[in-house]
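Asks: One structure coming up, written as structure tokens, with questions to follow.
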Amino acid sequence: MKILIINGPNLNMLGIREPKIYGSGTYGELIRMIAENCREHGDGSDFFQSNHEGALVDRIQQAYFDGTEGIVINPGAYTHTSVAISDAVKAVGIPTVEVHISDVDSREDFRKISFIRAACVATVTGEGFGGYLHACDILREGRAPDESAEKGEL
Ligand code: DQA
């Protein structure tokens, strides 16, 4: 399947930003790991990272037209603020898994709010870089596994 992996603001700073929370791996290492995993599974992978909300919305909309069959998205801080990104995921109707490297539910209260969760088939948190591979597996299986968080209510 053709999987699009989207990362939001500050995820280009992986390896530099708060390594105790996000680890020492870089964004480049992350995408190489995912690309390799997708290759092994015979899947296509495409990557997009932006620090800008509108650019993330544009890329999600583009996915409707470019044959993307599944989206893995870590919206970064926009998780907790963006109705526009959540609406874009709903608009395109492509199965999407929300990923967070850290365990957002055990951090500050504002990180427990996710606007995108209700638009996603599953959520993976606190699994480090491996969470992205878990998210790809969920898309491949075409279902939300038991351990995924329940869909949030806005
Ligand atoms: C994050 C968690 C967010 O709260 C934070 O703003 C990020 C990264 C994560 O991957 O754990 O930028 O999405």
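Laboratory data are not the source of any read-out in this text; all were calculated from the coordinates shown. Computed from a predicted structure; not experimentally measured. Counting neighbours? That spans all protein chains shown, and the Cβs are built from the backbone with ideal geometry, glycine included.
Asks: Taking the range 25-116, which trypsin sites (Lys or Arg not before Pro) meet the DSSP loop condition and have no more than 16 other C-beta atoms within 10 Å? Let's see the in-between values first.
Replies: Values: sites: ARG32, ARG39, ARG59, LYS90, ARG107, ARG111, LYS112; in loops: ARG107.
Passing sites in the range 25-116 are ARG107.
Asks: Okay, moving on. Is the range 85-140 best put as rounded, prolate or oblate by its Cα gyration tensor, with a ≥ b ≥ c the root eigenvalues, rounded for a/c under 1.5, and otherwise prolate when a/b is larger than b/c, oblate when not?
Replies: oblate
Asks: While we're looking at this one, here's another question. Only Cα pairs under 8 Å and at least 6 apart count here; give the relative contact order of the chain as a rounded whole percent.
Replies: 24
Asks: Provide, for the chain, the number of lysine pairs with alpha carbons under 22 Å apart, each pair being eight or more places apart or on different chains. Each step should come with its number before you reach the end.
Replies: On the way: LYS2/LYS90; LYS20/LYS112; LYS90/LYS112; LYS90/LYS151; LYS112/LYS151.
Here the count comes out as 5.
Asks: Once you sort the root eigenvalues of the Cα gyration tensor of the range 1-70 as a ≥ b ≥ c, which label holds: rounded (a/c under 1.5), prolate (a/b larger than b/c) or oblate (the other case)?
Replies: Cα axes put the range 1-70 in the oblate bin.
Asks: What does the charge add up to near PHE129, with Lys and Arg as +1, Asp and Glu as -1, over the other residues with Cβ less than 13 Å from its Cβ? Please list the in-between numbers first.
Replies: Values: positive: ARG32; negative: GLU29, GLU36, GLU127.
Within the 13 Å Cβ shell, the charges total -2.
Asks: Right, another one. Work out how far the C-alpha atoms of the range 33-81 reach from end to end along every principal axis, then list the three figures in whole Å, largest first.
Replies: 35, 24, 14
Asks: Which residues among the range 37-78 fall inside the zone where the amide N is under 18 Å from a point 7 Å beyond the Cα of ARG107, along Cα→Cβ?
Replies: 50-53, 73-78
Asks: Can you give the relative contact order of the range 1-42 as a percent, counting alpha carbon pairs under 8 Å and 6+ residues apart?
Replies: After rounding, I find 29 percent.
Asks: Let me ask something additional. Each label point is 7 Å from the Cα along the Cα-to-Cβ direction; what then is the distance between the points at MET13 and GLU69, in nm?
Replies: 3.7
Asks: Using only the alpha-carbon atoms, what does the range 5-154 span along each of its principal axes? Please give whole angstrom values in decreasing order.
Replies: Result, largest extent first: 37, 36, 33 Å.
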